[in-house]
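What follows is a short report on a single structure.
The values are calculated or read from the model by the stated rules, or taken from the named source; none is laboratory data. None of these values were measured; they are calculated from a predicted model. Counting neighbours? That spans all protein chains shown, and the Cβs are built from the backbone with ideal geometry, glycine included.
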Amino acid sequence: MLLALSLVALLIGPFLVSQFPYNRRLDNFLFAFVLISVGGLLLIDVLPAIWEHIGYALIPAVLLGFFGPGLIEVTFRKAADKAHSLAIFLGISGLMIHSMLDGAAIVPSDSNPMLAYAVILHRIVVGLSIWWIVQPQWGNFRTWLVFGFMFITTVIGYYAGEQQLTGLHNNIIDYFQAFISGTLLHVIIHRPHVDDHGHIHHHDHSVPVSVIHEGEPVEHHHEHSVDAHHSHGFVIKHKGYFMAGVVVATVLLFILHLIHHQH
């Protein structure tokens, strides 16, 4: 039952997003929600656990993950899109490992029976974040492949947890997760933004942009788009929606914290 709930939780975010028209208001809300919720989970859950294993080595690993893709983009401007795609790929790889650990964590435990429910709840955030980051750039098919692999790794982790198999945690995984934590923050902050018409503006300051058409990004060219010339990083045009995302994410993090520490 818990395993099924954990898989369904991944799909709730994409389902909710699909119920609303894709525009800058929604994008500003989701940017705040994903940044605060994912950043918060990293700071209060993932990184403290890694710190216990690798100590101060955590800091350079996170910084490398965060600044590495950006340095490639600045040094090799023509490789900016490839660097960003690589960052997404690495982030997804890290999430596969995280899904395996989630699967192990939802195995019922007498020491902390509420842990499984906290994990399931946070997977709603994970699913929504993956869809928001990946789908506009990779399209529906490849994004659903990512979810499929996450289902598989979750089941593997659950089986390993049931069998009380060892080796789910080791230093190599800890270093990789630290690096990926920085990479995920980079991908979130530097994700292409959406304008009020649903057009996606990439890092490239040139004119090619995309528009969501039936769930797939389609290339368009806007020779004199103002937004296209200011597309690097995020753009907040609707501060009310942004603050609403901050509030919702903060409340969710507080609830997760309470559940996680209940015994």
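Counting the residues of region 22-45 that are under 21 Å from TRP144 (Cβ atoms) and in a loop (DSSP other than H, G, I, E, B) gives 1. How many of the residues making up region 10-21 are touching a residue at least 60 places away in the same chain (Cβ under 8 Å) and surrounded by fewer than 20 Cβ atoms within 10 Å (Cβ to Cβ)? Here the count works out to 6.
Could you tell me whether any residue of region 165-181 is in contact with a strand residue (DSSP E or B) (Cβ under 6 Å, 6 or more places away or on another chain) and modelled with pLDDT under 55? Before you say what the answer is, go through the steps one by one.
Pass one, region 165-181, residues in contact with a strand residue (DSSP E or B) (Cβ under 6 Å, 6 or more places away or on another chain): none.
No, the conditions are met nowhere in region 165-181.
In region 62-116, the qualifying residues are those that are acidic (Asp, Glu) and either under 16 Å from GLU162 (Cβ atoms) or touching a strand residue (DSSP E or B) at 6+ places or on another chain (Cβ under 8 Å) (or both), and the one that is modelled with the highest pLDDT is ASP102.
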